[in-house]
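See below for the structure under consideration.
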Amino acid sequence: MPTHTTTTHLTIAFIGGGNMANALIGGLIAQGQPAAQIEVVEPWDEARARLLQSFGVTAQAAPGAALARADLVVWAVKPQTFRDAAHAAAPHLPTTALHLSVAAGIPTASIARWLGSDRIVRAMPNTPALVQRGMTGLFACPEVDSAGRAQVEQVIATTGQWLWVEAEAQLDAVTALSGSGPAYVFLFLEAMEQAGIAMGLPATQARQLAVATFQGASALAAQSHEAPEVLRQRVTSKGGTTHAAISHMQAQGVPEHFIAAIRAAEQRARELAQEFGE
């Protein structure tokens, strides 16, 4: 993805000051966004103290008049608290503000109803954003123009890559694939480490081997024009060690179970919209 320079004249408000807000704020500060042009509403004392210590950003415990100067509002709240947070903050927000939601599952129709605005972009980031290696899926309502999209890209670019989807329903697939995806990788890393230890390697070496293997394989796949299936076949010589492992996983239905698990995550994303989007 292209690298953008943050437009420092924008005032950006964050509703919620947790991990994802920290990732975005840290990236913005690193690219020159003045701390004085970042507003944060965060009810937890410890989270507010962390924002001040880490970034020099003074957060407020509740919405107030300072939100009136926001050009862009980032909703970094949990799905189950979004509606209450929106109702509390909406009276203080300018009607011209652009809204960026990173809350999983909450549809733009619900956000628009709570805020009285259709200038909404939904984002589905993932936790590697904390180390600027994130992947974010984006969907914009028709009322968001190209300038609004560019503003969102400037913010998201501080955390890694992004892509736009054409239909909002596709964000459920993004959630299942990349939003929840880091946990799948961590599960495989956990299993690889345990296998390494069981085979006699020290825990530190097992971890290093497992993590480096994922990093290297991902980098190779990213740079290759060939499908993962082809890359896998090239390192799976019949009768060899890799063939033994892959054959065992296929016999146990690991690929099919893995796909079914991702579909379960997609279904849960749809359910979140029904539970918390009313």
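The values are calculated or read from the model by the stated rules, or taken from the named source; none is laboratory data. Predicted model, so just to flag it, every value in this text is computed and none were measured. Cβ: placed from backbone, ideal geometry, glycine included. Neighbour counts: every protein chain shown.
Output the qualifying pairs, or none if there are none: Cβ atoms under 7 angstrom, residues six or more apart or on different chains, first residue in region 232-244 and in the same structural domain as G216 (by TED's automatic domain parsing) and surrounded by 11 or more Cβ atoms within 10 Å (Cβ to Cβ), second residue assigned to a loop (DSSP other than H, G, I, E, B) and among the hydrophobic types (A, V, I, L, M, F, W, C).
Listed pairs, sorted by first residue: T242/V235.
Are any residues in region 87-110 in contact with a Phe, Trp or Tyr (Cβ under 6 Å, 6 or more places away or on another chain) and in contact (Cβ under 8 Å) with a residue 40 or more places away in the chain, and if so, which ones? Let's see the steps before the verdict.
Filtering region 87-110 down to residues in contact with a Phe, Trp or Tyr (Cβ under 6 Å, 6 or more places away or on another chain) leaves 101, 103, 106.
Listed by number, the list holds a single entry, I106.
Check A49, A66, A30, A62 and return the single one that is out of contact with any strand residue (DSSP E or B) (no Cβ under 7 Å at 6 or more places or on another chain), without any contact (Cβ under 8 Å) to a residue 60 or more places away in the chain, in the same structural domain as T95 (by TED's automatic domain parsing) and among the hydrophobic types (A, V, I, L, M, F, W, C). Lay out the reasoning, then the answer.
Numbers: A66 fails: out of contact with any strand residue (DSSP E or B) (no Cβ under 7 Å at 6 or more places or on another chain); A30 fails: without any contact (Cβ under 8 Å) to a residue 60 or more places away in the chain; A62 fails: out of contact with any strand residue (DSSP E or B) (no Cβ under 7 Å at 6 or more places or on another chain).
So the residue among A49, A66, A30, A62 that is out of contact with any strand residue (DSSP E or B) (no Cβ under 7 Å at 6 or more places or on another chain), without any contact (Cβ under 8 Å) to a residue 60 or more places away in the chain, in the same structural domain as T95 (by TED's automatic domain parsing) and among the hydrophobic types (A, V, I, L, M, F, W, C) is A49.
State whether one or more residues within region 253-267 are touching a residue at least 12 places away in the same chain (Cβ under 8 Å), closer than 30 Å to A103 by Cβ and β-branched (V, I, T).
yes
Quickly run through region 139-175 and pick out the residues that are under 24 Å from E271 (Cα atoms), buried (at least 21 other Cβ atoms within 10 Å of the Cβ) and not acidic (D, E).
Initial filter on region 139-175 (under 24 Å from E271 (Cα atoms)): 139-141, 163-175.
Filter again for buried (at least 21 other Cβ atoms within 10 Å of the Cβ), leaving 139-140, 171-172, 174-175.
F139, A140, L171, V174, T175 - these are the residues of region 139-175 that are under 24 Å from E271 (Cα atoms), buried (at least 21 other Cβ atoms within 10 Å of the Cβ) and not acidic (D, E).
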